Each structure stands twice: as C-alpha cells, then as structure tokens.
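The values are calculated or read from the model by the stated rules, or taken from the named source; none is laboratory data. In this text, all values refer to a predicted model and were calculated from it rather than measured experimentally. Here the Cβ positions follow ideal geometry from the backbone for every residue, glycine too, while neighbour counts run over all protein chains shown. Calculation scope for accessible area: heavy atoms of the full protein, side chains included, ligands and nucleic acids excluded. Shrake-Rupley method; radii C 1.70, N 1.55, O 1.52, S 1.80 Å.
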Amino acid sequence: LLAALKESDIVLINGGSSKGSEDYSIPLIQKYGEVLQHYVSSAPGRPMSVSLVHGKLIINVPGPTLAAFAVADWAVRPAISYYLQAEEKMSDEVDVILEKELKSPPFMEIYTRVIVSERDGVYYAAPLSREARMEDGFGRCNGILVTELGRKGYQAGDKAKVKMIV
C-alpha cells in the first residue's frame, strides 16, 4: 500500500475485502489514513470502500468479477476522469421491456447482466440469472440493468433502463 501511494494518484485494492470479519483492507487503510465510505447499498460490490491516505484516493474493489465491474462503473471511472480533468464518458442507456421477472430487494441496487435485443424498433432485455457463470454471461451480455432503490423487483413486460456495454 505504501509503495503504491508513492507512485500513484489513485490506488485500487482488489483483495482482502469481505462482508465480515475477513475484511483485511479496512484495518490496513485505517492504520495510515481515513476511510470515507465503507459498504454501499448495492450488490454485488457491497463491501467496497473509498479512503484517503496521505492525500491519495484509495478505492477498495471487491473481488467477484461483477462486483469489480460495478465499482469500476460508479467509483473508479469517475475518479480517473476527475484526476485527468477529462469529461466522463457515460454508457448509452436504452429503454427496454423486460422479457422475464427480475426479483430485487427494495433496500439495495442490484447490478443485473442482461441480453438486449431489438425487434421492430423496440428494445427487449432478458435478465441473466445471478447464478449464471461470468464466462457464460459476459460473452452474450450486452447491458446492465441497475435496479432502483425502493423497488421490489420487476415483472415480465415492465419497462426499465439499461446501460449498454460496448
């Protein structure tokens, strides 16, 4: 950590984060600096953290692939854009009609991989199951639906917004 801080403006930690007692990165960061945010109301990616050590930004990126993708989307990309003083490029969003039911708890955003298709000028999204292996889903997945806080899920036929992956 200390070597990375000497060489970098932003440090990403990927490993040692957990939802429980095996979260080793937080005590390390607290030893040298300040944890600004730990845990978010989103899954996957819940144990992520944002910290400052010696005036440098540290983002703790949870290990599962989709969690890392989520944290990169809403924390790493904006931080890099800020440090580079570059305009942040946002993913295209499309309105879709869901082809299958999607359950989600109302107290948390859920990043769900979807396969978006277009028929007669209308976009449809088929959610992949959370149990789908990453290598099975990302080959076909071309969008991410982020469930809305406070919403208890979606029925087949409901409209939603999807971030396209290019």
Inset, instruction - Give me the accessible area per residue for the chain, probe 1.4 Å, as a whole number in Å². - result: 58
Inset, instruction - Evaluate the charge dipole of segment 56-114 about its Cα centre and quote only its size in Debye, nearest 20, assuming +1 on the Cβ of each Lys and Arg and -1 on the Cβ of each Asp and Glu. - result: 340
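Find the relative contact order for the chain and round it to a whole percent, using C-alpha pairs within less than 8 Å whose residues are 6+ positions apart.
Numbers: 319 pairs, mean separation 32.6, N = 166.
With pairs under 8 Å counted, the relative contact order is 20 percent.
Among 31/56; 89/152; 103/161; 56/163; 56/161; 6/31, which pairs are too far apart, with a Cα-Cα distance over 24 Å?
On the way: 31/56 14 Å; 89/152 30 Å; 103/161 16 Å; 56/163 30 Å; 56/161 34 Å; 6/31 17 Å.
89/152; 56/163; 56/161, as the Cα separations exceed 24 Å there.
Between residue 65 and residue 155, what FRET efficiency comes out of the Förster formula 1/(1 + (r/R0)^6) with R0 = 25 Å and r the beta carbon distance, rounded to 0.05?
Details: r = 28 Å, r/R0 = 1.13.
Calculated value: 0.35.
Could you please report the charge total around residue 69, scoring K, R as +1 and D, E as -1 over all other residues with beta-carbon less than 13 angstrom from its beta-carbon?
Working: positive: 77, 113, 163; negative: 73.
Within the 13 Å Cβ shell, the charges total +2.
Can you pull the percent of the chain's accessible area that's carbon plus sulfur, 1.4 Å probe, other chains left in place? Spell out each step's value before the answer.
Numbers: 5080 of 9700 Å².
With neighbouring chains kept in place, the figure for the chain is 52 percent.
Trypsin sites (Lys or Arg not before Pro), restricted to segment 65-109: which are DSSP loop and have at most 10 other Cβ atoms within 10 Å? Before the final figure, lay out the partial values.
Details: sites: 89, 100, 103; in loops: 89, 100.
When the trypsin sites (Lys or Arg not before Pro) of segment 65-109 are filtered for loop state and at most 10 Cβ neighbours within 10 Å, 89 remain.
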Inset, instruction - Kindly provide log₁₀ I(q)/I(0) values, in the same order as q = 0.17, 0.24 Å⁻¹, from the Debye equation applied to equal alpha-carbon scatterers of segment 1-66. - result: -0.53, -1.02
Inset, instruction - Have a look at 95, 23, 120 and tell me which one the Gaussian network model of the chain (Cα, springs below 10 Å) gives the largest fluctuation. - result: 120
Legend entry - Rounded to whole Å, sorted largest first: equivalent-ellipsoid semi-axes of the chain, Cα gyration tensor: 33, 18, 13
Inset, instruction - Report, for the chain, the % of DSSP beta bridges that are antiparallel, rounded to 5. - result: 80
Inset, instruction - Place a +1 charge on the Cβ of each Lys and Arg in the chain and a -1 charge on the Cβ of each Asp and Glu, then give the dipole magnitude about the Cα centre in debye, rounded to the nearest 20. - result: 320
Legend entry - Residues of type aspartates and glutamates that residue 100 reaches as a straight line, Cα spacing below 14 Å, ignoring anything fewer than 8 places off in the same chain: 158
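Viscosity 0.890 mPa s, temperature 25 °C: Stokes-Einstein D of segment 79-126 from its Kirkwood Cα radius, in µm² per second? Walk me through the intermediate numbers first.
Working: Rh = 13.7 Å.
Calculated translational D: 179 µm²/s.
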